[in-house]
């Protein structure tokens, strides 16, 4: 058992840990500074060195990034040429190695069964498995073997009565069979000798009892190869280890000498750079064009005859000829009369493009992180995905326009207490067919459907489902006119509209929460729908989009108008990111909410039913968004 190398390794690890803890307490982390850190070469080296030595930042000690950083530190301390020169001068063959004996001590706790018997129980068995207690009653004197005259008399000549009082003795019995079953040997210790002996003279091992009699101390004599004190090495694996190291070093230095290369950038007078690699033993020349300020060019051949050497060769048979300007008075001037004629041309016909497609996606997120916040709160992460796809058909000849769009809006909320929840879910499909008749006024037919994807719950109660796919669902079909007074503004009036709100799964979802009577699955309405869309940009990189949908039922309280208004405000802050504010307001007289008193309890009507009234539904979301358009 070699203990000394492990002991030295433990001392080195503790020293490194102490040095890291001192450095972390004396020098504040650069990451804690809000301003941009300014590094000198020395401080940058120390900062990267502390990261490579950290035990908590790396998942694995063998990480490739960690090794790359360590190599970077080595090269910033000393260039490779200096390292190569230093290692080339090393001769590990000349280092003297020899064997030294070391004494290694180890101890094992022992358990005494009596004054002279002990066991070495490394598994820690319960003493009750092999030690039994027994109580026996005995008289101080065996009267059966004594005559009356042998009784001990007191000073008055009367027999001592204490001899008649029995005594109780505790006897400890060692169950040797149990010890053999547990494979626990017993040892006898008398006259400072252990029987059976634990010494091993062949392997130079001895055993003795510690001075406090609590442990068995083993002393081993171990022979180990060590290097000369003037060398950087301590313990070696064998006599020839340094010879093998010398051969490996020479192999790597020779390999690096063959493989090493440097890139040389050759600049011309205009600042253009041409790369040229200097390698070892590659004498292939490359051709470069060299120009002066008059744009004259010559060919220059650049070669690499040996490592760290270049050769420059000028191409043979070079002749310079420069063009010059001369007067043209002595040259005849011949100006031929061109032939002119008219060519019949036809107007180009443009290829019509009827369909126009657009896809936009915005991904918004908000994060709240609290640590030791005295005012209270909860960590949360809110996300919102808003995708819109549009396909528009325009035919100017027939004056027909068909606008189709679909929108998916889905949001989640993650908190420590409640986990993942849905906080927004909308699926919309719009289709509008227009036929232009009177300038800015079109005849219009529209279709609108609103739905959701995932299940919804009335939190904090997450056991009762209040909505899911097509439960509820709403579709509206209308006929009317569409008026476009300005660009990006449209007013659609459909006096003949049909609206159907339905819940298919009434067994699991309460349809009354969505304005449908208890004994029905759908609410059908005939009325007028007014849809106003507007998009404007009051300033650069700021867009405001509004959509207001109004519906009035002819057959049931036409004065109660359903309102669905949504506004999007997008402020672009960079090419990728946008600040988005989403406001959504809904009012439906058929959707009613229970009335609660001051104590939060529901209010009941005289007939015993729960009192419910319509309320304004409002939702607001603001966050940093990734906005893409295609």
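The values are calculated or read from the model by the stated rules, or taken from the named source; none is laboratory data. Everything numeric here is computed off the predicted structure, so don't read it as measured data. In this analysis, Cβ positions are derived from the backbone assuming ideal geometry, glycine residues included, and neighbour counts consider all displayed protein chains.
Assorted remarks:
- With respect to (1) in contact with a strand residue (DSSP E or B) (Cβ under 6 Å, 6 or more places away or on another chain); (2) surrounded by fewer than 13 Cβ atoms within 10 Å (Cβ to Cβ); (3) within 30 Å of residue 99 (Cβ to Cβ), the lone exception for residue 311 is condition (3).
- The condition of being assigned by TED's automatic domain parsing to the domain that holds residue 496, under 18 Å from residue 387 (Cα atoms) and modelled with pLDDT of 95 or more holds for only one of 582, 546, that being 546.
- Filter pass, residue 496 being assigned to a strand (DSSP E or B), assigned by TED's automatic domain parsing to the domain that holds residue 363 and surrounded by fewer than 15 Cβ atoms within 10 Å (Cβ to Cβ): yes
- Selection of segment 564-588 for residues being over 30 Å from residue 628 (Cα atoms) and without any contact (Cβ under 8 Å) to a residue 60 or more places away in the chain yields only 587.
- Qualifying positions in segment 244-272 - in contact with a strand residue (DSSP E or B) (Cβ under 6 Å, 6 or more places away or on another chain), loosely packed, with under 10 Cβ neighbours inside 10 Å and at pLDDT 80 or above: 265, 267
- Of the residues making up segment 621-630, not a single one is modelled with pLDDT of 90 or more, surrounded by 15 or more Cβ atoms within 10 Å (Cβ to Cβ) and under 27 Å from residue 424 (Cα atoms).
- Failed item in (1) free of Cβ contacts under 8 Å to residues at least 24 places away in the same chain; (2) in a strand (DSSP E or B); (3) over 24 Å from residue 502 (Cβ atoms), with residue 423 passing the rest: (1)
- Any hit, segment 459-466, residues being in contact (Cβ under 8 Å) with a residue 24 or more places away in the chain and either part of a strand (DSSP E or B) or closer than 23 Å to residue 625 by Cβ (or both): yes
- In segment 88-114, residue nearest to residue 230 (Cα to Cα) [restricted to those that are touching a helix residue (DSSP H, G or I) at 6+ places or on another chain (Cβ under 6 Å) and part of a helix (DSSP H, G or I)]: 92
Conditions (1) at pLDDT 80 or above; (2) within 30 Å of residue 386 (Cβ to Cβ); (3) surrounded by 10 or more Cβ atoms within 10 Å (Cβ to Cβ), marked per residue:
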site	(1), (2), (3)
299	yes, no, yes
306	no, no, yes
319	no, no, no
346	yes, no, no
351	yes, no, no
370	no, yes, yes
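- Just one of (1) at pLDDT 85 or above; (2) in a loop (DSSP other than H, G, I, E, B) fails for residue 389. It is (2).
- Criterion: closer than 25 Å to residue 471 by Cα, in contact with a strand residue (DSSP E or B) (Cβ under 9 Å, 6 or more places away or on another chain) and either in the same structural domain as residue 292 (by TED's automatic domain parsing) or modelled with pLDDT under 90 (or both) - qualifying residue of 404, 423: 423
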